[in-house]
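Asker: Starting off with a structure, shown below.
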Amino acid sequence: MVIEERVDRHARVIEAGRRMLTAARTAPKAKGVDLLECALVEGEDLKRISDEMVRLYEETGRPVYLRDSANILKAEAMMVIATHLSPMGLNCGHCGFATCEEKPQSAPCAVNCVDVGIAIGSAVATAADSRIDCRVMFSAGMAARRLDLLAGCSQYYCIPLCASSKNPFFDR
């Protein structure tokens, strides 16, 4: 039996994406409280996020949205990662307020931000271990947030994935 690499590529990218989901889920979290939501998107859902990025460009005039909207269409799949906002009750002051009670509901908990960042680091390290090209994009994350892709979450980031002869997410 011969399994040609080009024919099997998409399945390998999806498998790496699944490992990335596991890496994000098992990453350390403050107080052992897991507030993350993660998913893989492909096909029409990638197109939906790209279309929303074009709308963001039209509303804001920020070129990053237009550039990255075309960029994610070169991906085989994309990981979406976000966190629910929930103060950890540590009164650490890293959010800029002395206590969690003083922090406005709309202000993110700094510890939640660190947790999602650690999970992203674990996910992209897993992509690197699998030799899958990726890039963390706040721009695609903003579109996924507007689409409420992971219901009730905040601080969305997206990581498009590809296995090609040249990483399409750099040298843009």
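Asker: Out of residues 5 or more away from residue 154 or on other chains, whose amide H comes under 5 Å of its own, with H placed 1.01 Å from N in the peptide plane?
Answerer: Here 83, 84, 85 satisfy the definition.
Asker: Okay, moving on. Step through the residues of the stretch 77-83 one at a time and calculate ³J(HN,Hα) from phi using the Karplus curve (6.51 cos²θ - 1.76 cosθ + 1.60, θ = phi - 60°), rounding each to whole Hz and writing x for Gly and Pro.
Answerer: 7, 8, 8, 10, 9, 8, 10
Asker: Keeping every protein chain present and rolling a 1.4 Å probe, give me the accessible area per residue for the stretch 43-172 in Å².
Answerer: Value returned for the stretch 43-172: 48 Å² of accessible area per residue.
Asker: While we're here: 222 nm [θ] for the chain, helices only, -39500 (n - 2.57) per DSSP H run of 4+, per residue, to 500?
Answerer: Helix contribution divided over all residues of the chain: -14500 deg cm²/dmol.
Asker: Using a Gaussian network for the chain with springs between C-alpha atoms less than 10 Å apart, which of these wobbles most: 123, 107, 77?
Answerer: It is 107.
Asker: Another question about this same structure. Quote the FRET efficiency, to the nearest 0.05, computed for residue 10 versus residue 98 with a Förster distance R0 of 41 Å and r equal to the Cβ-Cβ distance.
Answerer: With a Förster radius of 41 Å, E is 0.20.
Asker: With the cut-off at 1.5 for a/c, could you classify the stretch 59-131 from its C-alpha gyration tensor as rounded, prolate or oblate?
Answerer: Since a/c reaches 1.5 but b/c is at least a/b, the shape of the stretch 59-131 is classed as oblate.
Asker: Pull up all non-local amide H partners of residue 132: gap of 5 or more, or a different chain, and H-to-H distance under 5 Å with H placed in the peptide plane.
Answerer: The list, which skips near neighbours in sequence, is empty: none.
Asker: Run the simple label-point estimate for residue 86 and residue 129 please: 7 Å along Cα→C-beta, distance reported in nm.
Answerer: Result for the modelled spin labels: 2.7 nm.
Asker: Follow-up question, since we're still on this one. Need one word for the chain: rounded, prolate or oblate. Basis is the Cα gyration tensor (sqrt eigenvalues a ≥ b ≥ c); a/c below 1.5 gives rounded, then a/b vs b/c decides.
Answerer: oblate
Asker: Sticking with this structure for a sec: Grab the beta carbon distance between residue 170 and residue 31, set R0 = 45 Å, and tell me the FRET efficiency rounded to 0.05.
Answerer: That pair, residue 170 with residue 31, gives E of 0.80.
Asker: Name the long-range amide H neighbours of residue 95: under 5 Å, sequence gap of 5 or more, or other chain; modelled H, no Pro or chain starts.
Answerer: Distant-sequence amide H within range of residue 95: 110.
Asker: Okay, moving on. Rounded if a/c is under 1.5, else prolate if a/b beats b/c, else oblate: with a ≥ b ≥ c from the C-alpha gyration tensor eigenvalues square-rooted, which is the stretch 1-97?
Answerer: Oblate, since a/c reaches 1.5 and b/c is not below a/b.
Asker: Output ³J(HN,Hα) for the stretch 129-136: one whole-Hz value per residue in order, computed from phi by the Karplus curve 6.51 cos²θ - 1.76 cosθ + 1.60 with θ = phi - 60°, and x for Gly and Pro.
Answerer: Once rounded to whole Hz, the list reads 4, 8, 6, 9, 6, 7, 7, 7.
Asker: Kindly write out, for the stretch 30-35 in residue order, the coupling ³J(HN,Hα) from the Karplus curve 6.51 cos²θ - 1.76 cosθ + 1.60 (θ = phi - 60°), rounded to whole Hz, with x marking Gly and Pro.
Answerer: 4, 6, x, 9, 9, 10
Asker: Treat every Asp and Glu Cβ in the chain as -1 and every Lys and Arg Cβ as +1, leave all other atoms uncharged, and give the resulting dipole magnitude about the Cα centre to the nearest 20 debye.
Answerer: Dipole magnitude for the chain comes out near 260 debye.
The values are calculated or read from the model by the stated rules, or taken from the named source; none is laboratory data. Only a predicted model underlies this, so the values are computations on that prediction, with no experimental measurement involved. So basically every Cβ, Gly included, is an ideal-geometry build from the backbone, and we count neighbours across all protein chains shown. SASA here: full protein model, heavy atoms, side chains in, ligands and nucleic acids out. Shrake-Rupley method; radii C 1.70, N 1.55, O 1.52, S 1.80 Å.
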